[in-house]
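Before any comments, here is the structure.
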Amino acid sequence: MKLARRIDNLPPYLFAEIDKRVDEKRAQGVDVISLGIGDPVEPTPQNIINKLCEQANNPANHRYPSYFGMPAFRQSIAKWYKKRFDVDLDPDTEVLPLIGSKEGIAHLNFAVLDPGDTTLIADPGYPAYNTSTILAGVNPVHTPLLEENDFLPDLDSIDENTAKDAKMIVLNYPNNPTSAIATDDFFKDLVSWADKNQVIVAHDNPYSEITFDGYVAPSFLQFPGAKDVGIEFHSLSKTYNMTGWRIGWACGNAKVIEALGRVKTNIDSGIFNAIQYAGIEALEGPQDIINEMCDIYTRRRDMVMEALDKIGLRAHKPKATIYIWAKVPDGYTSASFATHVLDSAGVIVAPGNAYGPSGEGFIRICLSVKDDRLAEALERIKDSL
Ligand SMILES: Cc1ncc(COP(=O)(O)O)c(C=O)c1O
């Protein structure tokens, strides 16, 4: 039996690997605490669950959903963008519901790139940015996010030929994994750089609502000209503790949205309508969950920052996201420190190099674990050093 060559080049998905290691350690009797994956432990709000149950009971929702998402859900997304970011979106041509934003991020390559085309991806970046380019047979050029540039890509340092060759750039702020935020000036420069070089911007914004200390994150689409050059991915996963529900969307440039929709109609058949009704409830119902979760993450962020300080690990205090991006101690690599922490403390942290070569020397600690377990994990890491 022969499999596709692209499978040989496809590394195992980082978090699937981490899951495997957790299972192995647990089978050995280790009480593993995972600070690896960003997956909220708090439940989805009850009003959203109730809406799902109500709509799941309606046989009209048991049939194939619309390929392009329910009009009511698309309208709800457009209304939310207007209210939250003052961005106008045409729900019929500029909004496309997705089965989680990861799905759309992967499929976008097939919509805008041909095999051999060049795309720029953030390094370090959400792993699907890179692995999806392998599936699509396109050429990823890593755009380093360096500490000295506040983990923003240095657009001026992208050489002219690469910028001219590239058809797309994929990036995300508030950022996973570095938790950096982007300034308005950065987004404005990005729009003019993309326009000048005719590069499509795919901005991925699932953490816009998880912000601390009064910081309010923008949408890429709120900057003048953004809709002419790109799209934004968004998701209900992190904002409403809905990672398991698989619901998100892409919005922005109508040509790119149409192309992505055309790819998807040939691959999937949309999102269960009852989940889309629940999505409307999430966007239009009570929003208390957002402040509640931001308070929880602020408290955990402060716990981690204090512990890292005591241990002697350096990290920037994030203003957003559910991640802390910390430097490994001298003498360790990302992988050797993650292995040390697992073997000596039974704690999973994500090695920075798994997000791209520029992530070497860092680990990512995730705040989506209950406070008592987080405190215990930090104590165990301290004792292991
Ligand atoms: C930057 C980024 N983009 C996209 C996703 C995927 O989100 P979804 O659950 O909507 O597929 C994640 C999930 O962790 C993420 O961190």
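The table for this structure:
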| item | result |
| --- | --- |
| Number of positions in segment 159-213 that are within 25 Å of PRO318 (Cβ to Cβ), more than 16 Å from the ligand (Cβ to nearest atom) and of a type in the set (Ser, Thr, Tyr) | 1 |
| For GLY244: the one exception among (1) within 18 Å of the chain's Cα centre (by Cα); (2) over 21 Å from ALA56 (Cα atoms); (3) assigned by TED's automatic domain parsing to the domain that holds TYR173; (4) part of a helix (DSSP H, G or I) | (2) |
| Output for segment 219-241, where each listed residue is near the ligand (Cβ under 8 Å from one of its atoms), in a loop (DSSP other than H, G, I, E, B) and in contact (Cβ under 8 Å) with a residue 60 or more places away in the chain | SER237, LYS238 |
| Residue among ILE134, ILE105 that is assigned to a helix (DSSP H, G or I) and within 12 Å of the ligand (Cβ to nearest atom) | ILE105 |
| Filtered residues of segment 155-170 (kept if out of contact with any Phe, Trp or Tyr (no Cβ under 6 Å at 6 or more places or on another chain) and either under 16 Å from PRO357 (Cβ atoms) or in a helix (DSSP H, G or I) (or both)) | ASP156, SER157, GLU160, ASN161, THR162, ALA163, LYS164, ASP165 |
| From the options THR298, THR339, residue that is β-branched (Val, Ile, Thr), without any contact (Cβ under 8 Å) to a residue 40 or more places away in the chain and in a helix (DSSP H, G or I) | THR339 |
| Subset of segment 330-354 (residues that are open to solvent by 10 Å² or more (accessible area, probe 1.4 Å), touching a helix residue (DSSP H, G or I) at 6+ places or on another chain (Cβ under 8 Å) and more than 18 Å from VAL30 (Cα to Cα)) | TYR332, THR333, ALA335, PRO351, ASN353, ALA354 |
| Some residue of segment 80-93 being within 16 Å of the ligand (Cβ to nearest atom), among the hydrophobic types (A, V, I, L, M, F, W, C), within 28 Å of VAL263 (Cα to Cα) and in the same structural domain as ALA136 (by TED's automatic domain parsing) | yes |
| Failed item in (1) more than 15 Å from the ligand (Cβ to nearest atom); (2) in a helix (DSSP H, G or I); (3) of a type in the set (A, V, I, L, M), with VAL216 passing the rest | (2) |
| Qualifying residues in segment 11-33 (those that are in a loop (DSSP other than H, G, I, E, B) and modelled with pLDDT of 85 or more) - the one most open to solvent (accessible area, probe 1.4 Å) | GLN28 |
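The values are calculated or read from the model by the stated rules, or taken from the named source; none is laboratory data. From a predicted model like this one, the values you see are computed outputs, not experimental measurements. Because the Cβ atoms are built from the backbone with ideal geometry, glycine has one as well, and the counts that use them run over all protein chains shown. Surface areas here come from the heavy atoms of the whole protein model, side chains and all, with no ligands, DNA or RNA. Shrake-Rupley method; radii C 1.70, N 1.55, O 1.52, S 1.80 Å.
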